[in-house]
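Taken together, the values in this text are just the output of simple stated rules run on the coordinates, not laboratory data. Everything quoted here is computed from the prediction, not taken from an experiment. Don't worry about glycine lacking a Cβ; one is built from the backbone with ideal geometry, like all the others, and counts go over all protein chains shown.
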Amino acid sequence: MYFRIFFTMAIVFIYSMVKSRRSLHMLQQNLYNENNRYLKWVWKNKGEMFKNIDLYGILFTSLFALTVLSRFSYYFIALLLLLYGVCIFRKKNISNDQNKKPLVYTPRIKRLIVTLVLLHVIVCVLGILIKSHLCDAIILLSIMAVFNFYVVFLAKIINNPIERMVYKHFERKAKKKLASMPNLKVVGITGSYGKTSTKNFLNTILSEKYNVLATPKSLNTFNGLMITVNNSLTKFEDVFIAEMGAYVKGEINGLCELVNPKYGIITKIGTAHLETFGSEENIQSGKMELIEYLPKDGIGVLNRDDEKQVSYKIKNKNHCKILWIGIDTKDPVDVRASKIKVDQEGTSFTVEFKGDKKKYEFKTRLLGKHNVYNILAGLALGYAFDIPVDHLQRGVNKLKPVEHRLSMKTFPNFIFIDDAYNSNPEGSKRALEVLGMMDGTKVVVTPGMIELGDKEEYYNKEFGKEIADVADKVILVGQKQTKPILEGLKSKNYPDSQIEIINDVKKAYTILNSMKSKKKIYALFENDLPDTYNEK
């Protein structure tokens, strides 16, 4: 009898650990419940906890526990077969998941796994020590398996004190390291759109004269900045470029207190992360915290064509020097671009610097007018750092498209325009502008936009209308998520025959490879939702 009990406990425990992989993955992708992101995801996907296969599991487990005293229990065999089948099912499910960003087994995740194991071991040990409660222990383990998402969250709460200690240790270490480098030029970059592109462009431009370190990829959180400073910054760097992301007001100020920037760039301010910021006013003031933090002898770079930057009243009375960039504005600016020409080969434009009567020609392989704004921000700071114009021209010519931000790749049957990272209303318009300039059959593949709060449905419907004006074919990824886009398309009388709806983005490649066209096929992949939004 006891062998059956212990063996059952082991099977339920293994099942729980297999199931925990999904929960840990979602916890990590939701920034360990920052701003209650994980709990909101769990509530939104609560049906995933109550799949029939889980309910059958707990039912059979309970029945076995209640009949365990019988000499032989068919429930026991049924339970083992069921749980074995569940493990195989979940393993297959994991391998078939379209995980764009897989679970990373960081030290924090490993600590969570240890805590999860201990929680299950405690239940088993108590059941063994108190023999009259062996059945209760099995039932409790089964309940923990069904409610695994919440058990993982409980483990996260238990680990909070440890994580705070680890966090404070690395924070002190990063601040101490930065304080030991008084001559380091620290540049902060924030905004709603274009942060990573601007960071990479600035890195290339400043590297014409200085040794530069920039935060890698989109590592723009407090933890990301600490990791970069502690692991990558050396005494040989002249400039440190810190990309700063934020989901709520006050977050940028916290990042500034960590790295203490003297220079700052604000990219386009829009509605990205409206759901967490709460209002467009909060986004505006939240992003401008960077400029308000800069010292009096610092330099801030702002965009005169962005109404949200122009209209903002900087609260710091002794604020830093401001350099304005612009293209369309008639107001005076410090760096202006004009005569912009975009084709399949890239973009060319003319630049004027305040105080210099000459006009300079710049060329880049990058696509789109929006990239000119990002380049102008880098040129403004590069010019202020006394980099000669011919060096600036050389730097711009070296610029490479940022991965997943309107980069182009040639496939056998189509040309892939990759704009898969974190789409937003402003960025989607820019991407459609670029697609519209291509001479060929135009296809849009998209799951739509997220994290836009109450306006999410509105913006996606408008996106559908904009797609209708450009695309020859539309592939929507996710039937539920893309309903507003479909409504927008139909409001423009877009033909149903040119719309396909799929639930797995991988199928889009099959569709594109099977398309027939006398012209080149250009496929814009606009946004690639994180795994938390997968529709299965």
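Structure summary
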{"quantity": "Aspartates and glutamates whose Cα lies under 17 Å from that of Lys177, excluding same-chain neighbours fewer than 8 positions away", "calculated": "Glu237, Asp238, Glu257"}
{"quantity": "Cross-link table Lys217/Lys442; Lys175/Lys249; Lys308/Lys330; Lys409/Lys492, entries beyond 19 Å C-alpha to C-alpha", "calculated": "Lys217/Lys442; Lys175/Lys249; Lys409/Lys492"}
{"quantity": "Ordering of 284-290, 431-437 by burial proxy (mean other Cβ atoms within 10 Å per residue, highest first)", "calculated": "284-290, 431-437"}
{"quantity": "Footprinting exposure proxy for Asp496, Asp334, Asp136 (fewest neighbouring C-beta atoms within 10 Å first)", "calculated": "Asp496, Asp136, Asp334"}
{"quantity": "Segments 380-393, 20-33 sorted - mean Cβ within 10 Å per residue, highest first", "calculated": "20-33, 380-393"}
{"quantity": "Helical contribution to [θ] at 222 nm, DSSP H n ≥ 4, -39,500 (n - 2.57), averaged over the chain, rounded to 500", "calculated": "-15500 deg cm²/dmol"}
{"quantity": "Residue exposure sequence - Leu225, Leu489 - by fewest surrounding Cβ within 10 Å", "calculated": "Leu225, Leu489"}
{"quantity": "Average Cα contact separation per residue, the range 193-338, under 8 Å, 6 or more apart, as relative contact order %", "calculated": "18 percent"}
{"quantity": "Taking only Cα atoms of the chain, radius of gyration then Dmax in Å", "calculated": "27.1, 98"}
{"quantity": "For the range 441-491: rounded, prolate or oblate by the Cα gyration tensor [a/c cutoff 1.5]", "calculated": "prolate"}
{"quantity": "Extension reserve of the Tyr210-Lys398 stretch, reckoned as 0.36 nm per residue once the Cα distance is removed", "calculated": "66.1 nm"}
{"quantity": "The range 320-463: equivalent-ellipsoid semi-axes (sqrt of 5 x gyration tensor eigenvalues, Cα, Å)", "calculated": "30, 20, 13"}
{"quantity": "Fraction of antiparallel bridges per DSSP, the range 180-337 only, in percent to nearest 5", "calculated": "5 percent"}
{"quantity": "Length-normalised contact order of the chain in % [C-alpha pairs under 8 Å, at least 6 apart]", "calculated": "11 percent"}
{"quantity": "Normalised per residue, the volume of the convex hull around the Cα set of the range 181-398 (Å³)", "calculated": "121 Å³"}
{"quantity": "Helix 456-468 vs. the chain, principal-axis angle (Cα, 0 to 90°, nearest 10)", "calculated": "60 degrees"}
{"quantity": "Cα centroid separation - the range 369-427 against the range 468-513, whole Å", "calculated": "28 Å"}
{"quantity": "Packing-based ranking, highest mean first, of 266-279, 211-224 given that Cβ atoms within 10 Å are counted", "calculated": "266-279, 211-224"}
